[in-house]
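The values are calculated or read from the model by the stated rules, or taken from the named source; none is laboratory data. Note that the coordinates shown come from a computational prediction; the quantities given were computed from them, not determined experimentally. Cβ placement follows ideal geometry from the backbone for every residue including glycine, while neighbour counts extend to all protein chains displayed.
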């Protein structure tokens, strides 16, 4: 989402990510800290490697260390190797923690002690506000780094990593403009249009129309299939498209009194009661299997979701998916790269991530990995305009997501957005798919959220 940051003293974190991010306690950082620093695999799913797969000895070279989470794709897109060829004196080595919910507490621990930090540290959009507020002094100010041009980034993306006094602690990598991915074969069997423009018209401008399309789908739905993948997927997409969500601009918690939040909850609950949504939580093993088994017809779909679909689908699903505009524009996901002042190779790291996040490299990353650029100049590059995906056939995915990016609203990011979002999803609308009434699910969700907000 585009973000209007709350007052400096009130802002701490936000939510919305490609991997299921759960609220975590700082105490976990002690045991996980070693994972952030480890150069080998660990039980938490950490992994590390250089662009040469770890075979190079790096003798006589400056090794820039990268602390990342998930699969950010820089190595996979060949960007490390490309930079090393341009700069033979440099070697890039990354250490990756599988899930941000494990990575971030360890990062906070190292920032708090100002020790054990790598030359470059990734920061997920759900955590950038907290880091901006409480840890900005630990990072290089990129507004003063030579070669960094603020105009390369979307204004709101740059602002997300910028303090109230103008210090920019990290450079944006990707964003997550949200569309709707749908199965053309299932739509056809249900008597719905399959052309992406006609599909988009079914629900243009209104999430209520989206649910109405689901009701139409259900009338002739192929046996055992649902209209959408999960209650969490629906409510997250709706809320990501709202200008006002959990906090107001003064920092006051408004999620219970904001009519947009209650409307999103009620619409999702209605869809759940009508059997339009799978009783699944996203990114769990069971949910992954429903992709393979073609159990749902639509999913809220940032660009990276295409990679998730491809990774879990059976080969015969290739070309059966397509992408249509979402009812309203929203953003789901996005990260930043920062350079800790205590790193061993600060100047080299500054130069590297300035290059790594330039429009040309962001376009290359999208072409290979599906991470959509936060640099508008990349949108007209052939790597984006000509982009296609194996799962969606001839769909011009780059152009579709570029248009979606233009529709992303400006949102306030609150200090505990993550906690509120998780409560509304896992302790709220998901329970409706298990038989709980919407009213009782709302009570459970708000009680859980309020208890967590008080901690």
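Please pick out the residue among 20, 77 that is assigned to a loop (DSSP other than H, G, I, E, B) and either at pLDDT 70 or above or more than 26 Å from residue 455 (Cα to Cα) (or both). Please lay out each step first, then the result.
On the way: 20 fails: either at pLDDT 70 or above or more than 26 Å from residue 455 (Cα to Cα) (or both).
None of the others qualify; the one that does is 77.
Being over 29 Å from the mean Cα position of the chain (by Cα) and either within 17 Å of residue 299 (Cβ to Cβ) or not in a helix (DSSP H, G or I) (or both) is the filter here, so list the residues in the stretch 200-226 that pass it.
Taking the stretch 200-226 first, the residues over 29 Å from the mean Cα position of the chain (by Cα) are 216, 218-224.
Hits for the stretch 200-226 are 218, 220, 221, 222, 223, 224.
Determine whether the stretch 176-185 contains at least one residue that is closer than 20 Å to residue 406 by Cα and surrounded by fewer than 20 Cβ atoms within 10 Å (Cβ to Cβ).
The initial filter retains those residues of the stretch 176-185 that are closer than 20 Å to residue 406 by Cα, namely 176-181.
Narrowing the set further to residues that are surrounded by fewer than 20 Cβ atoms within 10 Å (Cβ to Cβ) leaves none.
No.
I want to confirm something. Restricting to the stretch 406-421 and keeping residues that are at pLDDT 85 or above and surrounded by fewer than 22 Cβ atoms within 10 Å (Cβ to Cβ), which single residue is farthest from residue 442 (Cα to Cα)?
Taking the candidates together, the pick is 406.
What's the total number of residues in the stretch 325-346 that are under 19 Å from the mean Cα position of the chain (by Cα) and either at positive phi or not in a loop (DSSP other than H, G, I, E, B) (or both)?
The total comes to 7.
Can you find a residue that is assigned by TED's automatic domain parsing to the domain that holds residue 430, farther than 19 Å from residue 426 by Cα and part of a helix (DSSP H, G or I) anywhere in the stretch 263-270?
Within the stretch 263-270, the first condition is being assigned by TED's automatic domain parsing to the domain that holds residue 430, and the residues that meet it are 263-270.
In the following step, the residues that additionally are farther than 19 Å from residue 426 by Cα were identified as none.
No, the stretch 263-270 has no match at all.
Residues in the stretch 205-251 that are without any contact (Cβ under 8 Å) to a residue 24 or more places away in the chain and touching a strand residue (DSSP E or B) at 6+ places or on another chain (Cβ under 9 Å): how many?
Adding up the residues that qualify gives 1.
Does at least one position in the stretch 162-179 carry a residue that is more than 30 Å from residue 133 (Cβ to Cβ), in contact (Cβ under 8 Å) with a residue 60 or more places away in the chain and touching a helix residue (DSSP H, G or I) at 6+ places or on another chain (Cβ under 8 Å)?
Of all residues in the stretch 162-179, those more than 30 Å from residue 133 (Cβ to Cβ) come to 179.
Next, from what is left, pick out any that are in contact (Cβ under 8 Å) with a residue 60 or more places away in the chain: 179.
Right, trim to touching a helix residue (DSSP H, G or I) at 6+ places or on another chain (Cβ under 8 Å) and you get 179.
Checked the stretch 162-179: at least one residue is more than 30 Å from residue 133 (Cβ to Cβ), in contact (Cβ under 8 Å) with a residue 60 or more places away in the chain and touching a helix residue (DSSP H, G or I) at 6+ places or on another chain (Cβ under 8 Å).
Would it be correct to say that residue 85 is without any contact (Cβ under 8 Å) to a residue 24 or more places away in the chain and not in a loop (DSSP other than H, G, I, E, B)? It would help to see each step written out before you state the result.
Values: without any contact (Cβ under 8 Å) to a residue 24 or more places away in the chain: yes; not in a loop (DSSP other than H, G, I, E, B): yes.
So residue 85 fits the description; yes.
Does the stretch 244-260 include one or more residues that are more than 18 Å from residue 412 (Cα to Cα), over 17 Å from the mean Cα position of the chain (by Cα), surrounded by 22 or more Cβ atoms within 10 Å (Cβ to Cβ) and at pLDDT 95 or above? Spell out how you get there, then give the answer.
Initial filter on the stretch 244-260 (more than 18 Å from residue 412 (Cα to Cα)): none.
No, there is no match, as no residue in the stretch 244-260 is more than 18 Å from residue 412 (Cα to Cα), over 17 Å from the mean Cα position of the chain (by Cα), surrounded by 22 or more Cβ atoms within 10 Å (Cβ to Cβ) and at pLDDT 95 or above.
Looking only at the stretch 268-290, count how many residues are in contact (Cβ under 8 Å) with a residue 40 or more places away in the chain and either under 23 Å from the mean Cα position of the chain (by Cα) or within 20 Å of residue 181 (Cα to Cα) (or both).
Matching residues across the stretch 268-290 total 15.
Mind checking whether some residue in the stretch 295-309 is part of a loop (DSSP other than H, G, I, E, B), closer than 30 Å to residue 87 by Cα and at pLDDT 95 or above? Quick ask: steps written out before the conclusion?
Filtering the stretch 295-309 down to residues part of a loop (DSSP other than H, G, I, E, B) leaves 295, 302.
If we keep only those that are closer than 30 Å to residue 87 by Cα too, we end up with none.
Within the stretch 295-309, none of the residues are part of a loop (DSSP other than H, G, I, E, B), closer than 30 Å to residue 87 by Cα and at pLDDT 95 or above.
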